[in-house]
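The values are calculated or read from the model by the stated rules, or taken from the named source; none is laboratory data. For clarity, every value in this text was computed on a predicted model and none was experimentally measured. All Cβ positions, even for glycine, are placed from backbone atoms using ideal geometry, and neighbour counts span all protein chains on display. All accessible areas refer to the heavy atoms of the entire protein, side chains included, with ligands and DNA or RNA removed. Shrake-Rupley method; radii C 1.70, N 1.55, O 1.52, S 1.80 Å.
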Amino acid sequence: MSVETSPQMPRSETRSKGRGAWVVLLLIAGVVAGLALCEGLTRLFLPAFDPSGQFEYDHPVGSLMLGRPGTVARQAKNTGDYDVPVRINMHGLRDDNDVSRATPDDVLVVGDSFTWGWGVETRDRFSDRLQILTGRRTFNLSTPTDIEGYAELLAYARSLGARADRVVIAVCMENDLRHYAARSDGEASPPDTVPFRHWLSTHSAFYLFALTVVHQTPWLRTLAVWAGLITPNLEGISRNDDDPAIVAASADRLLDIARRYRALVVLIPSRALWVGPSRAVEDRVHQAFVAALRQRGIDVLDLRPLLEAKGTPLAYHFANDGHWNPEGHALAAQAISQHLAR
């Protein structure tokens, strides 16, 4: 009998495809149900991993993302490097001082996550230590951003009523240098998109628990690194391009900001100066940027010599995180206070 005259063949194929589709749907439903069960049990029996208690930047101010006003949360690293409390004030800033009351006698400190105090307690940040060392009230205006964002943070402080004119701008050499176009002080770069893994870390307790187990189990961590699921800390460092135009554009943008204040630019050196294949490039970029700032008459404090003084610059960073530990903040505070006293 020919295929054309067999009415059974199409029905058999249709039934087979239908059963296959049902099997796939049942498998998907089983996986979803299993993950939901794991999520629920993790939240019930391991509430420390509940992401609702973890800090998140979710309060928009212009193009910036600050902390939600009044937030009381924690910031924890799944590798165990830190687990610290975070309190956000009425302005979305991590600061016990009210910047709206800043006067010309006070100091504004602006920067990215380093200056915000990623991984350290508020009292251990260099801005808070600086307040103690100088006896001058210090306000911390920081959030993960770049030089454009620093301009917007300062504009935000002025809009709240701040009148301080002494400003410390902390520039992170790992990711702050770029082609900045000429913009007004209140205009910053658009925020980056949020990667899927970040979304999981802020929404899934089971994901945080599983990631912690992987990080703290050596053979699992090795396997995850081999599979490309985890990027080792010192392999994920952003690299600078050896491009004079980028150095000039970044220095020019800082000059635009510094003209409005008695500004001190503090350089947070890139870890790529000390590890990885591009150390020679990073050294050239670092030196070129210091020179470009000084050529423009900007007061600059380069922390690199101090961090390298003992021959162990990475000792001032967390073992599994690129940010400074309390020792790094203490060194920066001492250096800045001495520089301001000149």
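Points to keep in mind about this one:
- Charge tally for Tyr82 (other residues, Cβ to Cβ under 10 Å; Lys, Arg +1; Asp, Glu -1): -2.
- FRET efficiency estimate (nearest 0.05) - Cβ-Cβ, Ser100 to Ala341, R0 30 angstrom: 0.65
- 3J(HN,Hα) from dihedral phi, the stretch 77-90, Karplus parametrisation 6.51/-1.76/1.60, rounded to Hz, x for glycine, proline: 9, 5, 7, x, 5, 7, 7, 10, x, 10, 10, 10, 7, 5
- A Förster radius of 25 Å, combined with the Cβ-Cβ distance separating Arg163 from Val61, puts the computed FRET efficiency at roughly 0.80.
- A simple count of charges around Asn97, restricted to other residues whose Cβ falls under 15 Å of its Cβ and scoring Lys, Arg +1 and Asp, Glu -1, yields +4.
- Solvent exposure of Val265, expressed as accessible area, is near 0 Å², computed with a probe of 1.4 Å over the protein chains only.
- Projected label distance in nm at Leu27 and Asp299, using a 7 Å step from Cα toward the beta-carbon: 6.6 nm
- Here the relative contact order of the stretch 228-324, from alpha carbon pairs under 8 Å that lie six or more residues apart, stands at 36 percent.
- Pairwise label distance in nanometres, His179 with Val275, each label 7 Å out on the Cα-Cβ vector: 3.1 nm
- Accessible-area ranking of Trp324, Trp274, largest first, probe 1.4 Å: Trp274, Trp324
- Of the residues Leu133, Leu264, the one with the largest accessible area comes first in the ranking Leu133, Leu264, computed with a 1.4 Å probe on protein heavy atoms.
- Converting phi to 3J(HN,Hα) with the Karplus coefficients 6.51, -1.76 and 1.60 and the offset θ = phi - 60°, the stretch 132-148 yields 5, 5, 9, x, 10, 4, 10, 10, 9, 10, 9, 6, x, 6, 9, 4, 4 Hz in sequence order, with x at every glycine or proline.
- Note on Val84 and Gln287: the model spin-label points, each 7 Å out from Cα along the C-beta direction, lie 3.4 nm apart.
- Under the Karplus curve 6.51 cos²θ - 1.76 cosθ + 1.60, θ = phi - 60°, whole-Hz ³J(HN,Hα) for the stretch 310-327, x wherever Gly or Pro sits: 9, x, 9, x, 6, 5, 8, 10, 5, 5, 10, 8, x, 7, 5, 8, x, 5
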